[in-house]
Structures are given as C-alpha cells and as structure tokens.
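One structure is given below, encoded as structure tokens.
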Amino acid sequence: MNHLTHRPHPVDLPAWSRLTDLARAGQPHLRELLVTEPDRTARLSLSAAGITLDATRQRLTPEVEAALVELALQADLPGQRDAMFRGEAINTTEQRPVLHVALRGGNASPGNPHPWPADVSHSVARELDRMTGFAEQLRAGAVTGSDGQVIRDVVNIGIGGSDLGPRMATEALAHLAHPELRVHYLANPDAWALWSLLRTLDARRTMFIVASKTFTTQETLANAATARRWLLDQGIAEHELHHHLVAVTAAPDEAAKHGHTPERTFLFSDWVGGRYSLWSALGLPLAVAIGRDGFLQLLAGARAMDLHFLQAPPAQNLPMRLALHGVWNRNFLQMHSLMLAAYTARLGRFTPYVQQMDMESNGKQTHLDGTPVTVDTGPVIWGGLGMDGQHAFYQLIHQGQHRVAVDFIGVRTDDTPLPLAADHLALVNRNMLAQAEAMARGRSLEDTLAMLRRQGMHEAEAQALAPHRQFHGNTPSHVFWLEQLDAFSLGALAALFEHRVFCQAALWNINAYDQWGVELGKTLAKAMESGR
Ligand code: F6P
C-alpha cells in the first residue's frame with residue numbers, strides 16, 4: 001500500500017450523495033430540456049485541440065452539471081491527473097508510473113511543460129528518432145531483403161494493444177499511405193488468417209514486425225514462429241532471416257531469445273501500457289504507412305489534447321467533462337452500455353480500439369485499496385460504423401429495453417477526390433444528426449397517434465399501431481466533430497478517449513492501468529498445453 005491507494009471512495013463524497021438525490025428526483029425528458037433551456041448550446045458545447053463536443057443531448061441540467069464538477073473537485077481529479085503527469089507510480093498493483101503522455105511531449109519549453117523526470121524525455125526522443133528513421137528508410141526503398149530486393153510489404157504481428165491502435169490509425173489515415181509500400185496487420189493465430197495473407201506475399205520483399213510489449217504472448221509468438229518457418233520454406237537461409245524480421249518490445253531480452261538483434265529491435269518502456277502504446281515504437285507500422293511527418297503530426301495532436309487536459313479548469317476540461325457525463329450515465333442513470341459510432345468509414349476500427357482501451361482499463365472489481373467496488377465501473381463499449389449500425393443494431397437502441405448511451409463521431413470536411421464526395425458527406429452527416437435527434441427526442445404515443453391520423457389512418461388501426469411506432473427517446477448522446485480526419489485530429493481524438501478512461505477510473509477510485517482479469521484464461525491455456 002502507498003499513499004496513492006488511500007483515497008476516499010466515491011460513495012463517501014458529498015457530491016455523490018447530491019447526484020444520487022438529483023437522479024432520484026428525476027430530470028425532464030430530453031425532448032423538454034432541448035426546448036426549454038435556451039442556453040443549452042452555449043453551456044454544453046466544448047472544444048479543444050480541433051475537436052468540438054456537442055453535449056446538448058446529454059441528460060444534464062445546470063444542477064447536475066454543478067454537482068458533477070463538484071464531484072471532480074472532491075475526488076481531486078486535477079491532483080490525480082498531475083500525479084500521472086509527474087510520473088508517480090499510479091499503477092499501484094504493478095508499482096509503475098503511467099507515462100504514455102511523455103511519448104508525445106516533443107521538446108520541453110516554457111509553453112510545453114514536461115512534468116515527468118528529464119531522463120524519460122531523453123529516452124523517448126532517442127527511440128522516436130530511431131523508429132521513425134527506420135520507417136523513413138523503408139519508405140525510401142533503402143531497406144532490402146536477403147537477396148538485395150527492396151522490401152515492399154510490411155506485416156505487423158501483434159495482438160491487443162500491439163495491434164489495435166496502429167491498425168486503427170493506419171486505416172484512418174489511409175489517404176497518407178505510401179503508394180508502393182503495403183502495411184498489413186496480423187493478430188489472430190488462426191492458421192487461415194496467416195495463410196490467406198502469406199499467399200499474397202513475396203518472401204524476398206517482405207518484412208515482419210513482431211510487436212509485443214512482453215514478448216511472451218502466445219498468439220504473437222505462434223504467428224511469428226510460423227512466419228519464420230515460411231521465410232525458410234521460401235528459400236531464405238536461417239542466417240539471413242534477420243533481414244526480414246524486426247522486433248518492437250519493452251522486453252529486449254525476451255526478443256533476443258527469439259533471435260532478434262539489438263539493431264533491429266525498437267524499444268519502449270514498461271511505463272507504457274499496451275493499450276496506450278500507439279505513440280511508442282509500437283507505432284512503427286503506422287510510421288511506415290504514413291511517414292515520419294504524419295506520425296509527428298499524430299503526436300502533436302495528442303500533445304495538444306494533453307496540454308488542454310493539464311491546463312483547463314474542470315468545467316471546461318473536455319476529458320474531465322466527458323468522464324463526468326459518463327459517470328452520470330453509468331452510475332446514476334443506470335446506463336450499462338455505451339455505443340460508439342463513427343460516421344466516417346476510415347474510422348471503422350476506432351470502436352475496437354476504444355473498446356480495449358476502456359474495457360481492459362475500467363472493467364474492475366476493486367478500489368485502489370483492494371476493497372470491493374461500491375459503485376459500478378466501466379460500461380460495455382460496442383458499436384462500429386454508424387451508417388451500417390442504422391441498418392443493423394440501432395433498432396435496439398430506439399425501442400429495446402437496454403439503456404444505452406451513445407457517442408457519435410463526425411467530420412465536417414472531406415477531400416476525397418470524387419466529384420460527388422461533398423454530397424456523400426452531407427448525406428452521412430444528416431443521418432448522424434437525425435439519429436442523435438431521434439434518440440434524444442423520441443416520439444411519444446400521442447404524437448405517433450396524431451401522425452397516423454394525419455396520414456388518414458382509421459382510428460382503430462392507428463390505436464393498434466401507435467404503440468409499435470412510438471419511440472421512448474431520452475437516450476443521451478455526445479457528438480464529436482473533427483474539422484477533417486487528419487493525423488493531428490486523430491491524435492487529439494485518441495488522447496481524448498484515453499484521458500476519459502483515466503478520469504473515470506480516478507472518479508471511481510480504481511486502477512485503470514493493470515489488467516489482472518486477462519490472466520486466468522491465459523494461465524489455463526498454458527496449463528492445457530503442457531497437459532497439467
Ligand atoms: O492479454 C491482454 C494483453 O496483455 C493486453 O493488455 C496487451 O495489449 C496484449 O495482451 C498484447 O500483449 P503484448 O504486447 O505483451 O504481446
């Protein structure tokens with residue numbers, strides 16, 4: 001136990017009791033709030049680092065908002081944030097600092113403070129240089145395979161945090177992709193997944209990145225072993241394999257056991273959690289895809305969000321506000337699930353990325369002091385592309401019994417080089433806003449009846465049909481707007497979601513940065529392998 005674990009439990013804070021009372025008293029339906037509160041847009045629109053949040057459709061009244069901000073102060077959210085940025089060992093069960101924020105710090109200056117120890121900044125700068133330098137060499141065609149042919153396919157072998165972030169960002173920034181260098185991702189150890197990729201590749205022009213923080217993950221090691229075997233079978237000699245293999249890890253000794261040389265091993269530190277590692281050397285496949293400049297832009301966007309998070313007061317602080325809304329929805333309005341829908345196809349992998357980040361962080365059973373949680377922790381995160389979801393699972397949100405909160409992500413401009421691209425964007429964005437409105441306002445039984453009568457339906461038929469066609473509404477949503485989907489705004493968006501997770505953990509008094517829940521299944525699989 002250390003001082004970081006002895007914090008008040010949320011239910012003991014006066015603001016928690018106040019919020020409980022406010023929730024019990026009930027709030028007007030969103031369709032009323034949206035009409036009767038003229039200052040709603042001014043009050044509930046926030047922006048930072050190029051991202052604008054429209055929170056007008058959250059079930060918030062001024063009293064609830066005030067109590068939530070009070071909760072942030074009573075839980076010492078600013079102090080907990082500062083402890084993270086200072087590099088205190090806030091991952092208390094593993095006694096580690098949590099410093100992914102240092103990976104995007106750039107060079108320190110009076111306007112760009114580095115609260116963490118200076119040696120952290122030095123090691124970050126060194127490895128960023130090495131990693132992006134290698135990515136540039138690959139992009140320039142200066143990296144060759146065993147017989148001197150230029151590498152043209154790069155395959156990232158990794159799973160969980162060693163896959164989801166770089167893969168999501170590579171797809172999101174596909175418009176920046178190198179025209180001749182292809183980047184592939186392989187996570188699943190299913191032989192078909194591997195074979196269906198390998199059969200499309202020329203071994204002499206292929207490089208594998210084995211990406212694993214621990215270098216003990218069975219799925220990744222199995223895929224890496226089969227990739228090596230494939231290289232041998234394709235006629236590459238054992239002593240030439242190093243031309244086709246790169247490791248990215250926080251455990252270089254483990255990587256060395258698998259034959260990886262120090263020159264071709266890129267490093268990050270154990271204070272970078274796997275699901276927060278996009279910004280580290282694990283971003284190598286992304287840097288290969290979008291280049292050094294693109295990667296630096298991504299870091300700059302994240303850094304802009306970090307600075308906002310560090311400096312803005314709680315009421316205007318985007319990550320803090322998001323987390324407070326999340327706590328209100330989860331703990332006081334009993335919304336156990338959060339549907340995250342992007343309305344731009346390039347963000348198709350954003351939901352699985354956030355899903356790991358949030359659920360592996362905040363799906364917890366104990367407070368920091370080890371006592372059982374006294375409040376509900378992380379919600380179920382699910383979703384996908386909004387336009388697809390409208391024709392699949394939105395029905396359940398509109399008329400099912402699950403209480404679901406919703407996050408929508410949209411972009412305002414799109415420079416896809418197609419003559420009708422602007423029309424497509426307008427269509428997509430109209431749909432997103434229409435869904436947000438429909439979920440918020442719903443349609444009452446009376447309004448549904450009136451509509452059916454207006455359409456000329458007989459009274460008996462209208463009475464029979466109206467219950468099927470009413471909408472409960474009152475589903476809270478956020479709309480996140482990006483000006484355009486570029487590396488900077490993607491970095492800011494990803495950092496925003498990271499900080500939301502941290503803030504919710506801080507409010508719930510849980511550790512977002514361990515993941516003991518993934519252990520038992522792994523141990524049992526190992527035991528089965530060795531027949532125990
Ligand atoms: O099993 C979960 C997990 O440990 C994640 O936290 C992590 O992102 C993933 O596995 C991959 O781990 P590694 O990078 O060590 O291979």
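The values are calculated or read from the model by the stated rules, or taken from the named source; none is laboratory data. Here the structure is a predicted model, which means the values were calculated and not measured. With ideal geometry, Cβ positions are generated from the backbone for all residues, glycine too; neighbour counts draw on all protein chains shown. Heads up: the accessible areas ignore ligands, DNA and RNA and are worked out on the full protein's heavy atoms, side chains in. Shrake-Rupley method; radii C 1.70, N 1.55, O 1.52, S 1.80 Å.
Side notes on the structure shown:
- Protein-only accessible surface order, largest first, of H367, H308 at 1.4 Å: H308, H367
- Sum of -39500 (n - 2.57) over DSSP H runs of 4+, divided by residues of the chain (222 nm, nearest 500): -14000 deg cm²/dmol
- Of all DSSP bridge pairs formed entirely within segment 118-291, close to 5 percent run antiparallel.
- Listed residues W516, W382 arranged by accessible area, highest first, probe 1.4 Å: W516, W382
- Percent of Cα pairs in segment 118-291 per distance bin of 5 Å, from zero to the largest separation: 1, 9, 19, 23, 23, 16, 6, 2, 0, 0.
- Helix 318-327 and the longest principal axis of the Cα set of the chain meet at an angle near 60°.
- Assuming charge only on the beta carbon of Lys and Arg (+1) and of Asp and Glu (-1), the dipole of the chain about its Cα centre is about 400 debye to the nearest 20.
- Kirkwood radius, segment 357-441, all distinct C-alpha pairs, inverse of mean reciprocal distance: 15.9 Å.
- The packing ranking, built from the mean of other Cβ atoms within 10 Å per residue, places the peptides 347-358, 178-189, 213-224 in the order 347-358, 213-224, 178-189, highest first.
- Accessible area (Å², per residue) of the chain, counting only protein heavy atoms and a probe of 1.4 Å: 42
- Table column - 3J(HN,Hα) (Hz), segment 103-113, Karplus curve with 6.51, -1.76, 1.60, x for Gly and Pro: 5, 10, x, x, 8, 5, 7, x, x, 9, x
- Taking the C-alpha atoms only, the angle from helix 350-362 to the longest principal axis of the chain is near 80 degrees.
- Solvent-accessible area of S45, all protein chains in place: 50 Å² (probe radius 1.4 Å, heavy atoms, ligands and nucleic acids excluded).
- Using only the C-alpha atoms, the convex hull of segment 149-201 corresponds to 86 Å³ per residue.
- The chain, accessible surface, carbon-and-sulfur percent (1.4 angstrom probe): 55
- Among A193, H258, T226 the positive-end extreme of the charge dipole of segment 118-291 (Cβ point charges): A193
- Radius of gyration over Kirkwood radius for the chain, both on Cα atoms: the Rg/Rh ratio is 1.00.
- Reducing segment 152-228 and segment 282-306 to their Cα centroids gives an inter-centroid distance of 19 Å.
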